[in-house]
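Visitor: Pasting in a structure now, in structure tokens, and then I'll have a few things to ask.
The values are calculated or read from the model by the stated rules, or taken from the named source; none is laboratory data. Keep in mind it's a predicted model, so treat the numbers as computed, not measured. Note that we place each Cβ from the backbone using ideal geometry, even for glycine, and neighbour counts take in every protein chain shown. The area values use the complete protein model at the heavy-atom level, side chains included, leaving out ligands, DNA and RNA. Shrake-Rupley method; radii C 1.70, N 1.55, O 1.52, S 1.80 Å.
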Amino acid sequence: MDRRCFLKSALLAGVGAGVLRGLPATARGIPAAAFPELPRDVCYPGPPSGTIVTSVTDLYKVGPGPSSSHTLAPLRIAADFRDYLESLPPQALAGAAHIRAHLYGSLSATGKGHRTDRALLAGLLGQKPETCDPAVMDDLADEAKPRVTAVGGKTFTLGRDTIVWDRVDHDYPFSNTLVMKLVSSDGAVLASREYYSTGGGFFAFKGRPVEERGQPPHPYGSMTAFKEVAAKSGKTLHEIMLENEQAIMGVDAAKVNAHLDLVLDTMLAGVELGLREEGLLPAPFAFHRKARRIHERAKAMQGGEALLQLVSSYALAVSEGNAAGRLAVTAPTLGSAGTMPALAYVLHHHLQRDRQAMRRGLLAAALVGYLCKNNASVAGAEVGCQGEIGVASSMAAAMLAYATGASLEATEVAATIALEHHLGMSCDPVGGFVLIPCIERNAFGALKAYNAALMAQNEIVSEHWEDLDRVIMAMLQTGKALPPQFREMGTAGLGMTMVNC
Ligand code: SF4
């Protein structure tokens with residue numbers, strides 16, 4: 001694909017966006033009278049209320065792969081537990097002999113493949129997610145090698161016994177539960193915390209005090225409310241997002257932009273690193289990288305085929321790096337970490353969008369991510385892959401549309417189309433590894449996002465029936481109806497059929 005083809009599609013997108021700017025908002029819904037035979041309670045109850053106070057630093061987190069819920073969150077949890085132990089008075093640690101991490105649910109079922117054990121050990125050893133050296137994670141694969149760490153003035157030996165692969169079926173309130181314990185030599189529990197990995201690298205623990213955050217000047221809890229805020233204030237999407245972020249986190253615009261730049265730099269570097277690497281990915285079966293090969297061949301192609309293959313290679317490059325434990329960005333998770341970088345790379349490398357346009361695109365994607373996270377879920381363990389690749393595709397579509405000049409309404413339609421056409425997608429990673437179907441799924445998420453952005457900018461948005469709030473609600477409902485074995489257990493679907501008896 002030569003640069004002219006990319007510029008042509010960008011020009012088309014820009015013209016579409018310009019024509020559509022100023023058209024009325026969508027979110028209208030179909031009158032019940034159109035379906036007189038349907039029961040009266042089969043209808044839309046309206047958009048959710050509430051105020052979203054999620055930050056871009058919550059949504060876009062940098063850390064080692066392969067999984068945000070099973071690798072990054074456990075690393076953050078272990079680091080948090082370590083800090084908690086450091087905060088205890090010396091007498092609380094006096095009789096302590098061991099640290100234990102009990103894994104439940106999908107963390108126990110698929111944690112080995114997701115490097116959950118290594119992440120926990122890395123966090124307990126004092127590693128931080130943003131700077132965690134992938135070589136440290138690789139070295140931790142040697143379970144026989146004991147590691148020594150000092151916490152609160154006491155020395156602990158960490159090893160195979162530190163990780164307890166506990167019950168897959170359990171009664172804790174969240175599927176991915178992790179109970180961290182400080183125990184004495186006779187097994188008495190001296191301190192503990194019950195943690196929940198809630199998707200996208202987020203975590204919570206039982207009894208955690210509510211974090212104090214500032215109130216956003218432009219409150220919204222749904223896309224419908226966001227559009228009302230935009231119409232009333234006369235502000236753009238990115239202005240609202242930036243002003244809210246500053247107030248919620250108590251920071252200035254420079255700090256927000258610095259985080260957005262870290263996110264963009266990590267995404268772009270991930271594409272370039274992944275396009276250079278070859279060979280096998282870490283797995284108990286031979287799984288070959290293919291991003292570089294596809295990229296090399298795509299450069300010799302022409303027209304639409306080249307575009308499809310280039311975008312795929314960018315997504316594969318980051319996803320393969322994530323599977324190898326390289327640093328990636330939760331967008332919204334690490335399993336789906338390749339989708340947005342593929343289109344960020346297109347914006348930067350092919351469409352030559354400047355940093356300002358790309359930051360705006362990231363803010364548009366963040367809006368979509370916040371709505372999905374707060375009004376449904378971005379955890380494969382809760383709503384299946386529609387919450388990971390589906391949301392990533394929706395965010396990527398919003399980013400591409402907005403960064404190429406789409407209106408708020410066209411940006412919403414782009415995000416809506418991309419999410420809608422992932423509804424029902426289950427999570428069935430083979431062997432619990434973020435390889436099959438995850439890596440290729442990122443490429444398809446990116447391609448759907450590209451198509452969604454183009455469709456949104458070439459249709460008449462006021463004629464589009466579906467809106468983002470309704471599709472997010474449908475995603476939640478569909479996810480709740482998925483059988484548990486199709487929510488990150490790795491024991492059904494491809495997770496079952498790909499393994500010989
Ligand atoms: S199938 Fe989808 S949700 Fe499940 S681990 Fe893979 S990328 Fe994540």
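Visitor: Putting +1 on Lys and Arg Cβ atoms and -1 on Asp and Glu Cβ atoms, find which of Thr339, Ala328, Pro429 reaches farthest to the positive end of the dipole of segment 323-473.
Guide: It is Ala328.
Visitor: Further, regarding this structure: Could you work out the per residue convex hull volume over the alpha carbons of segment 180-248, in cubic angstrom?
Guide: 121 Å³
Visitor: Okay, next question. Nearest 10 degrees is fine. How inclined is helix 438-458 to the longest principal axis of the chain, computing both from alpha carbons?
Guide: 20 degrees
Visitor: Can you tell me the accessible area per residue over the chain, all protein chains present, probe 1.4 angstrom, in square angstrom?
Guide: 40 Å²
Visitor: In degrees, nearest 10, range 0 to 90: what is the angle between the Cα axis of helix 253-276 and the longest Cα principal axis of the chain?
Guide: 80 degrees
Visitor: Evaluate the charge dipole of the chain about its Cα centre and quote only its size in Debye, nearest 20, assuming +1 on the Cβ of each Lys and Arg and -1 on the Cβ of each Asp and Glu.
Guide: So the dipole magnitude of the chain works out to roughly 560 debye.
Visitor: Under a 1.4 angstrom probe, counting protein chains only, how are Met455, Met340 ranked by accessible area, largest first?
Guide: Met455, Met340
Visitor: Could you report the accessible area of Lys299 in Å², rounded to 10, computed with a 1.4 Å probe on the protein chains as they sit in the structure?
Guide: Accessible area, nearest 10 Å²: 120 Å².
Visitor: Right, next: Calculate how steeply helix 3-20 sits against the longest principal axis of the alpha-carbon atoms of the chain, using the helix alpha-carbon long axis, and give the answer as 0 to 90 degrees to the nearest 10.
Guide: Approximately 70 degrees, to the nearest 10.
Visitor: Something else now. Report Trp465's accessible area, 1.4 Å probe, all protein chains in place, as a number in Å² to the nearest 10.
Guide: 110 Å²
Visitor: Of the peptides 211-223, 341-353, how do they stack up when ordered by the mean number of other Cβ atoms within 10 Å, highest first?
Guide: Descending packing order for the listed peptides: 341-353, 211-223.
Visitor: Separation of segment 387-440 and segment 96-156 by C-alpha centroid, Å?
Guide: The distance from the Cα centre of segment 387-440 to that of segment 96-156 comes to 31 Å.
Visitor: If contacts are Cα pairs under 8 angstrom and at least 6 residues apart, what is the relative contact order of the chain in percent?
Guide: 21 percent
Visitor: Let's see if you can work this out: charge +1 on each Lys and Arg Cβ, -1 on each Asp and Glu Cβ, no other charges. What is the dipole magnitude of segment 159-250 about its Cα centre, in debye to the nearest 20?
Guide: The dipole of segment 159-250 has a size of about 140 debye.
Visitor: Ok, one more. Would you list Thr266, Thr51 from the most to the least accessible area, probe 1.4 Å?
Guide: Descending accessible area places them as Thr51, Thr266.
Visitor: How far is the Cα center of segment 470-486 from the Cα center of segment 364-383, in Å?
Guide: Segment 470-486 and segment 364-383 have Cα centres separated by 12 Å.
Visitor: Please state the relative contact order of segment 360-501 as a whole percent: Cα pairs under 8 Å, 6+ residues apart?
Guide: 34 percent
Visitor: On to the next question. Which order, highest average first, do 138-146, 73-81 follow once you tally other Cβ atoms within 10 Å for each residue and take the mean per peptide?
Guide: Top to bottom by mean Cβ count within 10 Å: 73-81, 138-146.
Visitor: What whole-number value in cubic angstrom gives the convex hull volume per residue for the C-alpha atoms of segment 68-199?
Guide: Hull volume over Cα atoms, normalised by residue count, gives 103 Å³.
Visitor: Among the listed pairs Lys227/Lys480; Lys61/Lys145; Lys128/Lys235; Lys235/Lys373; Lys235/Lys448, give every one whose C-alpha distance is greater than 26 Å.
Guide: Lys227/Lys480; Lys61/Lys145; Lys128/Lys235; Lys235/Lys448
Visitor: Leaving out ligands, DNA and RNA, what percent of the accessible area of the chain is carbon and sulfur, probe 1.4 Å?
Guide: Roughly 55 percent of what the probe reaches on the chain is carbon or sulfur.
Visitor: Additional query: Run a plain Debye calculation on the chain (Cα atoms as equal point scatterers, no solvent) and give log10 I(q)/I(0) at q = 0.06, 0.09, 0.11, 0.13 Å⁻¹, rounded to two decimals, same order as the q list.
Guide: The Cα Debye sum returns log10 ratios of -0.27, -0.61, -0.90, -1.22.
Visitor: Which sequence of Arg208, Arg355 reflects their accessible areas, 1.4 Å probe, from the largest down?
Guide: Listed by decreasing accessible area, they come as Arg208, Arg355.
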